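Undergrad: Below is a structure I'd like to ask you about.
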Amino acid sequence: MANLNLHSATWRKSSYSGTGGNCVEVADGLPGVIPVRDSKHGDGPVLRFRSETWYVFIDMLKASDTATS
């Protein structure tokens, strides 16, 4: 993951991002890794998650949201 080139990555904002500028962006289509960044700092640091770890995290968020509804 250390040599991952993200210059041509296509980033998208979270569907839960509001208009306040506090947005998370993820890049899809990179084998085995999900990069995540702060949309306000596009040239800033990027967190890189293994795909399996990211999807477990998302599933846990969805389960938590369902449990509190």
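The values are calculated or read from the model by the stated rules, or taken from the named source; none is laboratory data. These numbers were taken from a predicted model, which means no experiment stands behind them. Cβ atoms come from the backbone with ideal geometry, glycine included; neighbour counts cover every protein chain shown.
Undergrad: Cβ contacts < 6 Å: first residue under 9 Å from residue 39 (Cα atoms), restricted to segment 1-29; second residue surrounded by 14 or more Cβ atoms within 10 Å (Cβ to Cβ) and at pLDDT below 85, any location; separation 6+ or different chain. Result?
TA: That search, which allows pairs on different chains as well, returns 23/17.
Undergrad: Would you kindly identify the strands (runs of 3 or more DSSP E) lying entirely within the chain that contain at least 2 residues that are loosely packed, with under 14 Cβ neighbours inside 10 Å and either modelled with pLDDT of 90 or more or in contact with a Leu (Cβ under 7 Å, 6 or more places away or on another chain) (or both)?
TA: 47-50
Undergrad: Which ones in segment 1-22 are closer than 15 Å to residue 47 by Cβ, more than 12 Å from the chain's Cα centre (by Cα) and not hydrophobic (A, V, I, L, M, F, W, C)?
TA: None - no residue of segment 1-22 is closer than 15 Å to residue 47 by Cβ, more than 12 Å from the chain's Cα centre (by Cα) and not hydrophobic (A, V, I, L, M, F, W, C), so the list stays empty.
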